[in-house]
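Enquirer: Would you mind keeping the following structure in view while I ask a few things?
The values are calculated or read from the model by the stated rules, or taken from the named source; none is laboratory data. All of these numbers come straight from a predicted model, not from anything done at the bench. Glycine also receives a Cβ, built like all others from the backbone with ideal geometry; neighbour counts cover every protein chain displayed.
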Amino acid sequence: MTGYVLLESLFTATEVERLRGVAEQVHAEVVSAAEAGETDVTVWPDGHRLEKVRGTTIHWEPDAVGKAVRSLSPVSQLHPALDALWDEPRLVDPMSTLIGATAGRFVAKLNFKRAGVGSEFAWHQDFPYWYCCAGDAAYDIATAIVMLDDNTIANGAMTLIEGSPADGPVRRDADEPTGLLVDPAAVDMSRAVTVEAPAGSVLMFPGLMVHRSAPNRTATDRRSLLYCFQPAGRPELSALTYDPERLARLP
Ligand SMILES: O=C(O)CCC(=O)C(=O)O
């Protein structure tokens, strides 16, 4: 049991080209609003800078020379083509199978691993992030990553620990300031698999999947849409409050 599903080339080249255009349009609109100063800035304990603007949060690349966006979340409300993906049967049907219920919205994110500056996502499970907001409902949340560019080892394709969802919440790194990342010593590298796939492919996994991705050292961007689904009818992430004290209940 790998714990993940890879649907290669689920979206056509034409569909992917359109989604790339939408992603860049949304990026440009949000960044220009940020440059116009319409924001509310938070600096996380790890030094990462988050800026709220136009109903989304820009997570800036921590070390890029010049400013580069690492992610925008939530994002699907910013363009009808992104909103439509919540009802796309090619996503909803397999996600419903994965979570064992009709899949509804939790949150959608747009990740940019820009050429040369896209940084690492360290070992983590999405689960603690969701647990701080949704409590035990976080066990039922799973993510579908729509790859907008080819994913290769060189541009920081995702590495997953096969079967890790069955192990439950994994010990977190006590020396890491956010308290959200997995202790690298607790990662069973013998089960690591890096998922290379062409643009238009979709990778689905539950929130308990242990995963990371490496920096993008290539000359081209690697962009992804991440749609996090949960059983339909539950509150979306935007309606919940982040309570870091919940972390004390996790390993
Ligand atoms: O896009 C990636 O490479 C990693 C994404 C990820 O792990 C996340 O956003 O939680």
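Enquirer: Which one of the conditions (1) in a loop (DSSP other than H, G, I, E, B); (2) more than 17 Å from the chain's Cα centre (by Cα) does P215 fail to meet, given that it meets all the rest?
Expert: Looking at each condition in turn, P215 falls short on (2).
Enquirer: Another one. Suppose we filter region 153-169 for residues that are more than 12 Å from the ligand (Cβ to nearest atom), under 28 Å from P89 (Cα atoms) and surrounded by fewer than 22 Cβ atoms within 10 Å (Cβ to Cβ); how many remain?
Expert: Going through region 153-169 one residue at a time, the tally reaches 3.
Enquirer: Go through region 137-171 and count every residue that is aliphatic (A, V, I, L, M) and part of a loop (DSSP other than H, G, I, E, B).
Expert: The number of residues fulfilling the criteria is 6.
Enquirer: Can you spot a residue in region 34-54 that is of a type in the set (D, E) and under 30 Å from P198 (Cβ atoms)? Before you say what the answer is, go through the steps one by one.
Expert: To start, the set of residues in region 34-54 that are of a type in the set (D, E) comprises 35, 38, 40, 46, 51.
Okay, now just the ones that are also under 30 Å from P198 (Cβ atoms), so none.
There is no residue in region 34-54 that is of a type in the set (D, E) and under 30 Å from P198 (Cβ atoms).
Enquirer: Would you point out the residue of region 118-127, among those that are buried (at least 19 other Cβ atoms within 10 Å of the Cβ) and either away from the ligand (no atom under 14 Å from the Cβ) or modelled with pLDDT under 95 (or both), that is farthest from E61 (Cα to Cα)?
Expert: F121
Enquirer: If I go through region 211-230 residue by residue, how many of them are touching a Leu at 6+ places or on another chain (Cβ under 9 Å) and of a type in the set (S, T, Y)?
Expert: 2
Enquirer: Suppose the filter is surrounded by fewer than 19 Cβ atoms within 10 Å (Cβ to Cβ) and of a type outside the set (F, W, Y); does R172 pass it? Even if it seems obvious, please write down each step before you answer.
Expert: On the way: surrounded by fewer than 19 Cβ atoms within 10 Å (Cβ to Cβ): no; of a type outside the set (F, W, Y): yes.
When the stated conditions are applied, R172 does not pass them.
Enquirer: Further question on the same structure: Give me the pairs, please: first residue somewhere in region 223-248 and under 26 Å from E120 (Cα atoms), second residue anywhere and among the basic types (K, R) and not in a strand (DSSP E or B), beta-carbon distance under 7 Å, and either six or more positions apart or on two chains.
Expert: R223/R20
Enquirer: Now a separate question. Among the candidates A134, A138, A199, which residue alone is modelled with pLDDT of 95 or more, surrounded by 19 or more Cβ atoms within 10 Å (Cβ to Cβ), over 21 Å from L10 (Cβ atoms) and over 16 Å from the mean Cα position of the chain (by Cα)? Spell out the reasoning first.
Expert: Values: A138 fails: over 16 Å from the mean Cα position of the chain (by Cα); A199 fails: over 21 Å from L10 (Cβ atoms).
Among A134, A138, A199, only A134 is modelled with pLDDT of 95 or more, surrounded by 19 or more Cβ atoms within 10 Å (Cβ to Cβ), over 21 Å from L10 (Cβ atoms) and over 16 Å from the mean Cα position of the chain (by Cα).
Enquirer: Kindly list, by first and then second residue, each pair from a residue in region 210-222 that is in contact (Cβ under 8 Å) with a residue 12 or more places away in the chain and within 12 Å of the ligand (Cβ to nearest atom) to a residue that is small (G, A, S) and outside any loop (DSSP other than H, G, I, E, B), limited to pairs with Cβ atoms under 7 Å and residues at least 6 apart or on different chains.
Expert: V210/S164; R212/A122
Enquirer: While we're looking at this one, here's another question. State whether the residues of region 222-240 include one that is assigned to a strand (DSSP E or B), of a type in the set (D, E, K, R) and surrounded by 16 or more Cβ atoms within 10 Å (Cβ to Cβ). Steps first, answer last, please.
Expert: Narrowing region 222-240 to residues assigned to a strand (DSSP E or B): 222-231.
Retained after the next criterion (residues that are of a type in the set (D, E, K, R)): 222-223.
Filter once more, keeping what is surrounded by 16 or more Cβ atoms within 10 Å (Cβ to Cβ): 222-223.
Scanning region 222-240, I find at least one residue that is assigned to a strand (DSSP E or B), of a type in the set (D, E, K, R) and surrounded by 16 or more Cβ atoms within 10 Å (Cβ to Cβ), so the answer is yes.
Enquirer: Let me ask something else about it. If only one of A108, A103, A81, A115 is buried (at least 22 other Cβ atoms within 10 Å of the Cβ), away from the ligand (no atom under 12 Å from the Cβ) and farther than 13 Å from G207 by Cα, which one is it? Give the steps one after another, and end with the answer.
Expert: On the way: A108 fails: away from the ligand (no atom under 12 Å from the Cβ); A81 fails: buried (at least 22 other Cβ atoms within 10 Å of the Cβ); A115 fails: buried (at least 22 other Cβ atoms within 10 Å of the Cβ).
The unique qualifying residue is A103.
Enquirer: Does region 179-190 hold any residues that are surrounded by 15 or more Cβ atoms within 10 Å (Cβ to Cβ) and either modelled with pLDDT of 95 or more or assigned to a loop (DSSP other than H, G, I, E, B) (or both), and which are they?
Expert: Passing the criteria: G179, L180, D183, V187.
Enquirer: Another one. Which is in contact with a Phe, Trp or Tyr (Cβ under 7 Å, 6 or more places away or on another chain) and under 24 Å from E236 (Cα atoms), of T97, T143, T102? Let's see the steps before the verdict.
Expert: Numbers: T97 fails: in contact with a Phe, Trp or Tyr (Cβ under 7 Å, 6 or more places away or on another chain); T102 fails: in contact with a Phe, Trp or Tyr (Cβ under 7 Å, 6 or more places away or on another chain).
After applying the criteria, what remains is T143.
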